[in-house]
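Note sheet for the following structure.
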Amino acid sequence: MRKKVPSKEVKIAAFERLHERGVTIEDIAKIVYEMQAPYSKNLTMDHCLESVYKVLEKREIQHAILVGVELDYLAERNLLREPLQSIIESDEGLFGVDETMALGSVFGYGSIAVTTFGHLDKQKIGIIKKLDNKLGKGIHTFLDDLVAGIAASASGRLAHRLRDEEEAAEEEELMSEENVG
């Protein structure tokens, strides 16, 4: 019987896979910032970085990274059996498994995350575009969608969090006005 893999080991491996593939947390946070800046005047990159890190804390996300990057890696080395090798290698438009895996992780962050994922899947901004266009070397059939999913999840998480903070500040302001008057 195999031992259980400690959470810390899974997390470290997921971060390593992103790093190995040239994706930084800052790259993802820049996408989050671009998605959320029009809706929050007080948004900072620190907010975006924190949100990305929080999303990456989820083991489900870490597992998706490990599986997706491994499939991309195996495809690069021509180690998948046909027809899967050709489908992943060419990032065939009707494949959809890559989007499905990434989208599955987005559902926990609400409709904002889901619609943001759809937008990012079509518009391919920032590092997502670089991965999708295969700039540099490698196959990123799964990774580009996983990065879009992480950015979308972090955007949804952040949108809800910022709204909660704004409402708390407004409530605090009302209470202080009542105490003064």
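Residue count for region 140-181 under the criterion of being over 23 Å from Gly110 (Cβ atoms) and crowded, with 21+ Cβ neighbours inside 10 Å: the result is 4.
Counting only residues that are acidic (Asp, Glu) and surrounded by fewer than 17 Cβ atoms within 10 Å (Cβ to Cβ), which one in region 25-41 is farthest from Lys11 (Cα to Cα)?
The first filter runs over region 25-41 and keeps only residues acidic (Asp, Glu), leaving 26-27, 34.
Of the ones still in play, those that are also surrounded by fewer than 17 Cβ atoms within 10 Å (Cβ to Cβ) are 26, 34.
Details: Glu26: 17, Glu34: 26 Å.
Ranking the candidates gives Glu34 first.
Considering only residues in region 120-157 that are modelled with pLDDT under 95 and of a type in the set (A, V, I, L, M, F, W, C), the one that is farthest from Glu57 (Cα to Cα) turns out to be Leu135.
Identify, please: which residue in region 93-103 is of a type outside the set (Asp, Glu) and assigned to a helix (DSSP H, G or I) and is, among those, farthest from Asp27 (Cα to Cα)? Among residues in region 93-103 that are of a type outside the set (Asp, Glu) and assigned to a helix (DSSP H, G or I), the one farthest from Asp27 (Cα to Cα) is Val97. Against the test of being touching a residue at least 12 places away in the same chain (Cβ under 8 Å) and not in a loop (DSSP other than H, G, I, E, B), the options Gly110, Gly118 yield a single qualifying residue, Gly110.
Going through region 109-123 one residue at a time, which ones are over 12 Å from the mean Cα position of the chain (by Cα) and surrounded by fewer than 18 Cβ atoms within 10 Å (Cβ to Cβ)? Can you show your working first?
So the first thing to find is which residues in region 109-123 are over 12 Å from the mean Cα position of the chain (by Cα), and the list is 110-112, 115, 118-119, 122-123.
Answer for region 109-123, where residues must be over 12 Å from the mean Cα position of the chain (by Cα) and surrounded by fewer than 18 Cβ atoms within 10 Å (Cβ to Cβ): Gly110, Ser111, Thr115, Gly118, His119, Lys122, Gln123.
Residues of region 16-38 that are over 14 Å from Thr116 (Cβ atoms), in contact (Cβ under 8 Å) with a residue 60 or more places away in the chain and among the acidic types (Asp, Glu): Asp27 alone. Residues in region 41-92 that are within 21 Å of Ile28 (Cα to Cα) and assigned to a loop (DSSP other than H, G, I, E, B): Lys41, Asn42, Leu43, Thr44, Glu57, Lys58. Please find, within region 100-114, the residue that is modelled with the lowest pLDDT out of those that are farther than 12 Å from Ala154 by Cα and in contact with a Gly (Cβ under 9 Å, 6 or more places away or on another chain). Once the filter is applied, the top-ranked residue is Gly104.
Residues in region 22-40 that are under 14 Å from the mean Cα position of the chain (by Cα), among the hydrophobic types (A, V, I, L, M, F, W, C) and in a helix (DSSP H, G or I): Ile25, Ile28, Ala29, Ile31, Val32, Met35. Among the residues making up region 82-96, those that are without any contact (Cβ under 8 Å) to a residue 24 or more places away in the chain and under 29 Å from Gly156 (Cα atoms) are Glu92, Gly93, Leu94, Gly96.
Examine region 66-75 for a residue that is within 22 Å of His119 (Cβ to Cβ) and surrounded by 20 or more Cβ atoms within 10 Å (Cβ to Cβ), and state whether such a residue exists.
Yes, region 66-75 contains a residue that is within 22 Å of His119 (Cβ to Cβ) and surrounded by 20 or more Cβ atoms within 10 Å (Cβ to Cβ).
Among residues of region 155-181 that are more than 21 Å from Tyr39 (Cα to Cα) and in contact (Cβ under 8 Å) with a residue 60 or more places away in the chain, none has a beta-carbon under 8 Å from a residue that is part of a helix (DSSP H, G or I) and of a type in the set (Asp, Glu) at least six positions away or on a different chain.
The values are calculated or read from the model by the stated rules, or taken from the named source; none is laboratory data. Just so it is clear, the model here is predicted, and its values are computed rather than measured. No Cβ is skipped: glycine too gets one built from the backbone with ideal geometry, and neighbour counts run over all protein chains shown.
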